[in-house]
Amino acid sequence: LSDFLSGLGLDHVRYLRGYANVIRRAKEITANDETDQVAEVAIETSGHCAMRENGYVDDGTYTAVKIIGLLARSKAAGTGSLLENIAGLEEMEYDREFRLNIADGFLETTSSIFQLIVEAVLTEQCESNDDWTVDTDNLEGVRVRLCSGGFFMLRQSLHDPVISLQIESVSEDVARENVLRPLVRMFKKYDLLEYGSLEKE
């Protein structure tokens, strides 16, 4: 997505999940007089979208109308369909999210296990795994870029005894070999971490 937006002459600012967080960050960027940056759009992973011209109101109807207007103008001008306009957006073949439960159901246990996992990823795995590079431009959890293409991210839920794992990779085989298997080996030392779903992949 960052490469696609950069190709359009736009800057992609990643931020915390949650539409309220994203909107707040967009307002901060636009209000900063020390830069000439303006955040025209604040859009969250789930699809919540707010535009500066609409006062950063989270308004799906407004966004839909804007898209319909763009499509109408594109058709009238003969400049291509929506799919043609986003043809340069590369998507990974493998895109999965896993929710790893903590067996005792306690948030304290979740936090403890998550911190141990983060330390292991940062100090052991990234040093020994040639395909893993820590993404330092990340604000929550731990995000690792894959040299083979894609990334994976581990995050702790704020409200549930769950650690989420998101993986994007060039293929299922690469994800299995370069992400899932190394993580399963690492997770075996945590008795209360339920990672069986990873072994089924």
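Values computed for the structure shown
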read-out	value
Anisotropy class of the range 25-91 from Cα gyration tensor, a/c 1.5 cut	prolate
Global geometry of the range 132-201, whether rounded, prolate or oblate, following the gyration tensor of its Cα atoms and the 1.5 cut on a/c	oblate
FRET efficiency, 1/(1 + (r/R0)^6) with R0 35 Å, evaluated for Asp191 and Asn85 via beta carbons	0.10
Cα centroid of the range 1-54 to Cα centroid of the range 75-92, whole Å	22
Integer Hz, Karplus 6.51/-1.76/1.60 couplings in order for the range 84-101, x for Gly and Pro	5, 5, 10, 4, x, 7, 7, 10, 6, 5, 10, 9, 9, 10, 10, 10, 9, 7
Global form of the range 52-104, assessed from the alpha-carbon gyration tensor, a/c cut-off 1.5	oblate
Within the accessible area of the range 76-158 (1.4 Å probe), percent carbon and sulfur	49
Amide proton proximity set for Ala39, modelled H, under 5 Å, gap of 5+	Thr30
In Hz, Karplus ³J(HN,Hα) per residue of the range 7-15 (6.51, -1.76, 1.60; θ = phi - 60°; x = Gly, Pro)	x, 8, x, 10, 9, 9, 9, 7, 8
³J(HN,Hα) computed for each position of the range 17-22 - Karplus, 6.51 cos²θ - 1.76 cosθ + 1.60, integer Hz, glycine/proline x	5, x, 5, 5, 5, 5
Solvent-accessible area per residue for the chain (1.4 angstrom probe, square angstrom)	62
DSSP-loop GluC sites (Glu not before Pro) across the range 87-192, with at most 16 other Cβ within 10 angstrom	Glu90, Glu91, Glu93, Glu140
Under 24 Å, Cα to Cα: Lys pairs in the chain, sequence gap 8 or more or different chains	4
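The values are calculated or read from the model by the stated rules, or taken from the named source; none is laboratory data. Model, not experiment: these values are computed from the prediction. Because the Cβ atoms are built from the backbone with ideal geometry, glycine has one as well, and the counts that use them run over all protein chains shown. Calculation scope for accessible area: heavy atoms of the full protein, side chains included, ligands and nucleic acids excluded. Shrake-Rupley method; radii C 1.70, N 1.55, O 1.52, S 1.80 Å.
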